[in-house]
Amino acid sequence: MSHGDIALGLILFGLSAYLLFGGADFGGGLWHLRSRRRDEKEVIEHAMGPVWEANHVWLIFVMVMTWTAFPPVFADIMSAHWVPLSLAALGIVARGSTFVFSKAVPDRGWYSWTFGVSSVLTPYCMGAVATTIATGSTSWLSLAGVYGGVLTTTLCAYLAAVYLIWDARRLGNHTLSLRFRGYALISGVAVGALALPGAATIGVHSALILVSAAAGLLSLALLFRH
């Protein structure tokens, strides 16, 4: 195994961690945006409180690893996709600042709206760029890019809903726990409906797709059976 293989493995590990932890926070922002109930928003805000911005350390780790181990690749990616990556960075900044400002000045409704929109924009742009690179497409606005953006955003929503089931239960709100369970089931089915046909369409030929499908079905079964 070469040093390049090790570096690539660490980069993929960092991306997976960022999706699992940071992605769940982005998904929480999506549910916060669509919710019209104050009790739901309070649970989301409570769940995100302790370390939510610390999750971006995984993104910094991936960036440093990439430009250190593969500087020409990093330069090509940043040059070719500077528009969506700049939008993603803007979304991260706007999301963090408006989440804090909404606590200090709660009567400013557009703070909450900006927080939610940024939580959707950032994973969409990152997913679109990742899919464009993986498929060799030329633009993040291509069909593959749009597909990757929608799939990533939906997956973040699913992760967040699953985590929020436990947070609502921990706070003693059984009704909200059941409501988030419903959100998780809906978004989980949407992820599965997008993932497998999309993977076949864009030509993903890997046995890991079957492992992913089995894990997805198992998680949905566990949700369904509480």
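Quick notes on this one:
- Values of log10 I(q)/I(0), in the order q = 0.11, 0.18, 0.21, 0.24 Å⁻¹, for region 134-226 under a Debye, Cα-only, solvent-free model: -0.38, -0.83, -1.00, -1.17
- Our summary gives the chain a relative contact order of 21 percent, counting only alpha carbon pairs under 8 angstrom and 6 or more residues apart.
- Between the residues Leu171, Leu208, Ala130, the greatest Cα displacement towards the positive end of the dipole of the chain, with unit charges on the Cβ of Lys, Arg, Asp and Glu, is found for Leu171.
- Kyte-Doolittle mean at least -1.0 and Cα axial length at least 30 Å: DSSP H helices in the chain: 82-104, 109-135, 143-170, 174-201
- Cα centroid separation - region 74-149 against region 24-39, whole Å: 17 Å
- Entry note: region 60-103 has Rg to Rh equal to 1.15, where both radii use alpha-carbon atoms and Rh is the Kirkwood radius.
- Evaluated over region 1-132, the Cα radius of gyration and Dmax, each in Å: 16.4, 57
- For region 75-149, carbon and sulfur atoms together expose 73% of the accessible surface, with a 1.4 angstrom probe and every protein chain in place.
- Percentage relative contact order, region 53-123, counting C-alpha pairs under 8 Å, at least six apart: 28 percent
- For the chain, the mean residue ellipticity at 222 nm estimated from helices alone is -27500 deg cm²/dmol, where every DSSP H run of n ≥ 4 contributes -39500 (n - 2.57) and the total is divided by all residues, rounded to the nearest 500.
- Amide hydrogen neighbours beyond the local backbone of Phe70, cut-off 5 Å, H modeled: none
- Comparing region 29-96 with the 2.2 N^0.38 Å rule of thumb, its C-alpha radius of gyration ratio is 1.48 (two decimals).
- Share of alpha-carbon pairs per 5 Å distance bin for region 110-163, given as whole %: 4, 24, 23, 19, 16, 9, 4, 1
- Equivalent ellipsoid semi-axes - Cα gyration tensor, the chain, angstrom: 29, 22, 16
- In region 11-97, the trypsin sites (Lys or Arg not before Pro) that fall in loop regions by DSSP, at most 16 other Cβ within 10 Å: Arg36, Arg37
- Pairs of alpha carbons in region 186-226 separated by more than 16 Å make up 37% of all such pairs.
The values are calculated or read from the model by the stated rules, or taken from the named source; none is laboratory data. The structure presented is a predicted model; accordingly, all values stated were derived computationally and were not measured. Reconstructed Cβ throughout: ideal geometry from the backbone, glycine too, with neighbour counts over all protein chains shown. With ligands, DNA and RNA removed, areas are computed over all heavy atoms of the protein, side chains included. Shrake-Rupley method; radii C 1.70, N 1.55, O 1.52, S 1.80 Å.
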